[in-house]
Every structure is written in structure tokens, then in C-alpha cells.
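Asks: Sharing a structure below in C-alpha cells format, with a few things to ask.
Derivation of every value follows stated rules applied to the coordinates shown; laboratory data play no part. Just so it is clear, the model here is predicted, and its values are computed rather than measured. Here Cβ is always computed from backbone atoms with ideal geometry, including for glycine, and neighbour counts include all displayed protein chains.
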Amino acid sequence: MKRLLMMTVASVAVTATCAFAGGVERSSLSVSLMFEKGNYAEVSAGLVSPSVSGTFLGVNSGNMTEQYLSFSFGIKKDMGNGFHLGLIVDQPVGADVAYPTGTGYAIAGSTGTISSTGVTGILRYQFPSNFSVYGGIRAISTSGKVQLLPSNYTMNTSTETDYGYLVGISYEKPEIALRVALTYNSEVDHDFAVTENGVVSLPFTTTIPKSVNLEFQSGIAQNTLLFGSVRWVDWTSFDITPAGYAAANGGASLVDYSSDTTTYNLGIGRRFNERWSAAVSFGYEEASPGFSGNLGPTNGNKSIGIGATYTKDNVKITGGIRYVDIGDAQTILAAPPVPTTDFSGNSAIAVGIKVGFNF
């Protein structure tokens, strides 16, 4: 059952990492790495190919999202006496928006990107009982840029590195592969220097939001594992409001969210033999009320993912694919009574691979 635990959770990790999550999230920072046996390292890569388009006054925007790659690396060291030390490198948030030119759409040619790198150090202590506690420090570096047409508005930020923390508690019952882990990730505030339309503007603050993760798994039959997660993110605290843009648009934000998000994942893993295991998982994120932004015109999602792991000696290779049905959204291109833009029938395909090894 312990081997089943390791293999099927790895399958889930790849497909979940590639999910088209709420807000501008690219990584949920799973702590499953910290529960691997002995010394362990892993590297993963995912390719996400979204197709998101909308219609305004009968004119279609074309696909305004770009294909993107995501990467992560993690290493965990067994320090002895119940202590375990881990390091995770990931991409917490990101965006790749590019409205095609030549479509006749009102903001054709507009682009926006957000780039980030996160480095997290975690220390876990395992009590003689089945409980563990863990905590750590997280450094996140973030930058962004936007070009809006036809107004020719441009905005570029500095790259800022700031710090937050995480704390958590877990309970395990190895004989049935049971584990429940609850993790709180603090917010991280960035104070950006910014240029608007090529001119130095006033700085502004953006908050990478706090979140709470509940990850769980349990054996439900011989060689069969039930697993899942619930993740809440405080997206209402995320706001990008450059001074020049706000002044020209009645105090409006360039990017903000009207509600927080809660994302659910549930799946089943099966071990077939000493070499092969597989998993299938389902995801759901409820749509939020109100309008979405033109740089992120999506609202909730449903998804299904499958993954398989091949294990030989101390190496595990996992591949996964996930299909995401992106929720319908409406955006506002101008003040009422101008009609809204309708984004519907959109989806994404994500594929990923992970290689892990014990040493």
C-alpha cells in the first residue's frame, strides 16, 4: 500500500499542476513531496494549450490566450530524528494574453503577461504519533507588462521579490495509505515600480493572495487509492491598479476579481503491478458572479485528467493529460449601455511529465 501511495499521488501531481486554475494561478504548491520516503527529488514540466474567444457586437475576438509551459523542481532530505527538509521551485502565478490582430475586434492586438518564480523552503517534524507539523518561508519574484489597443496604453513593472510563509499539519495512517494535510499559505505583497506609456508613474502594490489547501488520500480497496484536494484562494485581494490607468478610466482597476475561488479535485488511483499504476481525477471550480476582466475572461471550470506512472528501481516516470471545460464569462469593453462581450464554449488541454527518484 505504501508503494501504491507514492505512485498514484505522483500521477495526480502532474495532471493537477497543469490545470487551468482560477485567477492567474499556475501552481497550487502541493506539499506531497514532503511525505515521500527517504531522500527524494523530482522535476516536472507541463504544456497548457487554452482556446478562449469571445464575441462583441457579432465580431469574434479569436483565441486570446497563448500556449504556455510550466516547470517545477523539488527535493526532500530526510534529516533523521523526525525532521524532513524540502525545497520547491515553481511558478506561482502567470498570464499570457494576446488578442489576435486583424479580427476587427474592439481590442484586437492587446497583450498582457505576468511572470513569476517561487522558491519555498519547508521543514517538517514527524511526531512519534501519526501527526506531523510543518512550516516554511516562500520567496516570490513577479513582473508584468500590458499593451492595450486601440488606446495604445502600455504598462511595465519592475521585477520584485518578496516573502511569505506557510504552516501546516498532517495526519497519517500508513497501513491504509491514509493521509490528510492542511496547509495555510500567507499572502505576499509586491510594491512595483512602474512605467505607463513610457513614463515613470506612481508605484502600486499587488498582493499574491493567501490560500488554504486540504489534501487527502486513503486506500479504499487492495491496490486502490481515493485521493483529492480542496483549495481556497483569496482572489478578491488581488488587484492591479496603475495610477495612470485608473485616472483615465474613472478609478477602474486593470485587473481585479469580484470573488474568491474554491477548487475541488477528486480521483481514484490503481496499482496494476510492480511497474505500472494509473489514476483518473475530476476537477471543479464554481463560477463567480459578476463580470470578468478582458485580460482573463474565464469563470470557473470543470476538468478530467488521467495519468500513468512507470516505476523501475528508484526512478518514477509519470505522464498525464487533462481536459478543462472553461466556464462562460462576460466582460465589459466600455461603460453601459454598450453590450457586454460573451466568452463561451472555451476549453484547454494540458499535458505533463514528471520524473522522480529516491537517493
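Asks: What is the distance, in nm, between label points placed 7 Å from the Cα along the Cα-to-Cβ direction at residue 175 and at residue 330?
Replies: If labels sit at residue 175 and residue 330, their model points lie 5.7 nm apart.
Asks: Could you check the simple spin-label distance between residue 232 and residue 39, using points 7 Å along Cα→Cβ, in nm with one decimal?
Replies: It is 4.0 nm.
Asks: Still on this structure: For segment 212-218, take each phi angle, set θ = phi - 60°, evaluate the Karplus expression 6.51 cos²θ - 1.76 cosθ + 1.60, and give the result in whole Hz per residue in order, putting x for glycine and proline.
Replies: Calculated HN-Hα couplings, in order: 10, 10, 10, 10, 8, 7, 7 Hz.
Asks: Express in nm, to one decimal, how much length is gained between residue 161 and residue 214 on full extension, taking 0.36 nm for each residue of separation and deducting their alpha carbon distance.
Replies: 16.4 nm
Asks: A further question follows. If Lys and Arg each add +1 and Asp and Glu each add -1, what is the summed charge of the other residues whose beta carbon sits under 10 Å from the beta carbon of residue 257?
Replies: With Lys, Arg at +1 and Asp, Glu at -1, the neighbours total -4.
Asks: Now for a separate question. From the helices alone, meaning DSSP H stretches of at least four residues, give me the mean residue ellipticity at 222 nm for the chain, per-run term -39500 (n - 2.57), in deg cm²/dmol to the nearest 500. Don't jump to the answer; show the numbers that get you there.
Replies: Values: 2 runs with 22 residues, N = 359.
Helix-only estimate at 222 nm: -2000 deg cm²/dmol.
Asks: Along the positive direction of the dipole of the chain (beta-carbon charges: Lys, Arg +1; Asp, Glu -1; about the Cα centre), which of 127, 332, 298 reaches farthest?
Replies: Result: 127, furthest along the dipole toward the positive end.
Asks: Simple spin-label model, 7 Å along Cα-to-Cβ: residue 247 to residue 287 in nm?
Replies: 3.8
Asks: If I build a Gaussian network model for the chain, linking alpha-carbon pairs within less than 10 angstrom, which residue out of 261, 236, 142 has the largest mean-square fluctuation?
Replies: Result: 236 has the largest fluctuation of those listed.
Asks: Suppose R0 equals 56 Å. What FRET efficiency, 1/(1 + (r/R0)^6) with r the Cβ-Cβ distance, do residue 79 and residue 199 give to the nearest 0.05?
Replies: Values: r = 52 Å, r/R0 = 0.93.
For residue 79 and residue 199, the calculated efficiency is 0.60.
Asks: Let me ask you something else. Angle check, please: helix 2-17 long axis (alpha carbons) against the longest principal axis of the chain (alpha carbons), in degrees 0 to 90, nearest 10.
Replies: 10
Asks: Another question, then. Which of 76/354; 77/316; 77/210 have a Cα-Cα distance over 22 Å?
Replies: Working: 76/354 16 Å; 77/316 17 Å; 77/210 27 Å.
Distance filter (> 22 Å) returns 77/210.
Asks: Still on this model: What FRET efficiency comes out for residue 130 versus residue 186 if R0 is 35 angstrom and r is the Cβ-Cβ distance? Round to the nearest 0.05. Please list the in-between numbers first.
Replies: Working: r = 26 Å, r/R0 = 0.76.
Here the calculated transfer efficiency is 0.85.
Asks: May I pose another question? Which ordering of 288, 116, 141 is given by a fewest-first count of other beta-carbon atoms within 10 Å? Write out the running numbers ahead of the final one.
Replies: Details: 288 19, 116 22, 141 15.
Lowest count first: 141, 288, 116.
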